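Working notes for the structure below.
The values are calculated or read from the model by the stated rules, or taken from the named source; none is laboratory data. Note that the structure is predicted; figures quoted are calculated from it, not measured. Virtual Cβ from ideal backbone geometry, glycine too; neighbours counted across all protein chains shown. Please note that ligands, DNA and RNA were not included when accessible areas were found on the heavy atoms of the full protein model with its side chains. Shrake-Rupley method; radii C 1.70, N 1.55, O 1.52, S 1.80 Å.
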Amino acid sequence: MRLQKFLAQAGVSSRRKAEALIASGAVRVNGVAVTELGTSVNASKDRVDVDGRRVVPETPIYRLLLKPRACLATLAKSSAGRPTLARYVRDAEPGLLVVAPLDFPSEGVMLLTTDGELAQAMGKRGRVPMTYHLKLQGMVGEDVIMRLARGWRWEGRPVKPVTIDRLAATEKNTWIEMVVPESRPRALKAAGDLIRHSLLKISRVRLGGLSFEGLKMGAWRDLTKAEISDLRRRAGLA
């Protein structure tokens, strides 16, 4: 196994940060400093140390959490007096990463994991489709839905839904369901700006094949082995 992959799977860091650690000389294999990124290690035989501390591989943690609105997607205890995920995840394990974070006013499912390799893979745009329920101000007609289906640009790159459907509408608001390989809500707000309808609410109801069903706001659950395999496959990992 490549050394950077070993460090990522052990929860030390993402693979990219692991590469930086190796290049800096902070990593030793069997007592010898290693700076070559192509170095391979045997997880069951070789001793790996980072900054003088031994890395002991553990079974990675995979958790699905339903983030409430008005909550920062960080495991830090507090931030400028605003609530964070630390309110719902007590005594978070070292190395636990927040994957596909939602912004403060948004709600929905997110992943918490110590699998740095998966976290990095899911951070790459366009890999894992996510399903959102969006509340738009005003009546949004089918012609506008079709315009959104063609996609838009955000920060100089294209964003294109896989599917988009209108769920319900009143004279004041319209609810749509959008499946799009995009984890950042700001890219969805750009869609509202495009069609000149304010985006009032963002709810992520599915992350890949993982649904919010069975979870209360602020609650979390561990993924099954089948769910982990499916998510890693969707992220392009073996």
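Before moving on, here are some points about what is shown:
- Surface exposure of the chain, expressed per residue as accessible area with a 1.4 Å probe, stands at 53 Å².
- The range 1-102 - convex hull of the alpha-carbon atoms, volume per residue in Å³: 119 Å³
- Between the range 20-66 and the range 133-163, the alpha-carbon center distance in angstrom: 43 Å
- With every protein chain in place, the chain: carbon and sulfur % of accessible area (1.4 Å): 49 percent
- Karplus-derived HN-Hα couplings along the range 94-100 (A = 6.51, B = -1.76, C = 1.60, θ = phi - 60°), whole Hz, x at Gly and Pro: x, x, 6, 10, 8, 10, 6
- Calculated from backbone phi, Karplus (6.51, -1.76, 1.60) coupling profile of the range 102-109 in Hz, x at Gly/Pro: 9, 7, 3, x, 8, 10, x, 7
- Derived scalar couplings ³J(HN,Hα) [the range 184-194; Karplus, 6.51 cos²θ - 1.76 cosθ + 1.60; whole Hz; x for Gly, Pro]: 9, x, 4, 5, 6, 4, 5, 5, x, 5, 4
- Per the Kirkwood formula applied to alpha carbons, the range 182-222 shows a radius of gyration over Rh ratio, Rg over Rh, of 1.08.
- In loop segments of the range 114-207 as defined by DSSP, the GluC sites (Glu not before Pro) with at most 13 further C-beta atoms inside 10 Å of their C-beta are 155, 171.
- Percentage relative contact order, the chain, counting C-alpha pairs under 8 Å, at least six apart: 20 percent
- Of (i) 49, 39, 34; (ii) 62, 40, 30; (iii) 69, 35, 35, the label for Cα extents along the principal axes in Å derived from the coordinates: (iii)
- Packing, taken as the mean count of other beta carbons within 10 Å per residue, orders the peptides 101-112, 65-76 from highest to lowest as 101-112, 65-76.
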